[in-house]
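Colleague: Below: one structure in structure tokens.
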Amino acid sequence: MNVSLTLVVIMAVLYAGGVYAMLERSLTRVLIGFLLLGNATNLLLLIVMGVPGGAPFYGDDGPQSDPLPQALVLTAIVITFAVSAFLLALIYRSWQLGQADLVEDDAEDIALRERAADTSDVMEDEEDDADLDDEATTDFVGLDTSPLTIIASSPDIDRRDER
């Protein structure tokens, strides 16, 4: 096993561990998973860099290192640090408010999910039972359901005329 294959295996293990940790409900594990993903990305960029060589601006003949992956690694470190600081603040605030860092399902989200499932069942039943008219190309067929109101036929204007 040479060095680059070892780095590839370590990178794959870090990516797998990071994704697995991010799928948990604990915010602390999400932070650990994100840090693992950031380190795996840095290893990926080091592997992509290729064979190390001399400094790119030194002027020697021979292999020179590519400065772009080095700049990308620095950028990835900064992004990982910024998102980690945000997640730490989020975890701290969650701990202050609820004494736990678990992400719970919201009752309103559960009710909305159940209502959406019930609505889709009702809509499927209506589609199966309904006879489709070829004449009606819109849902707004009658005056009562039309989004446009004609001024002359408006009930408010008729009531004003009666006074």
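The values are calculated or read from the model by the stated rules, or taken from the named source; none is laboratory data. From a predicted model like this one, the values you see are computed outputs, not experimental measurements. The accessibility values were calculated without ligands, DNA or RNA, using every heavy atom of the protein model including side chains. Shrake-Rupley method; radii C 1.70, N 1.55, O 1.52, S 1.80 Å.
Colleague: At a probe size of 1.4 Å, how large is the accessible area of residue 109, to the nearest 10 Å²?
Modeller: Its accessible surface works out to 80 Å², give or take rounding.
Colleague: Ordering 34, 81 by how much accessible area each has at a 1.4 Å probe, largest first, what is the list?
Modeller: I get 81, 34, largest accessible area first.
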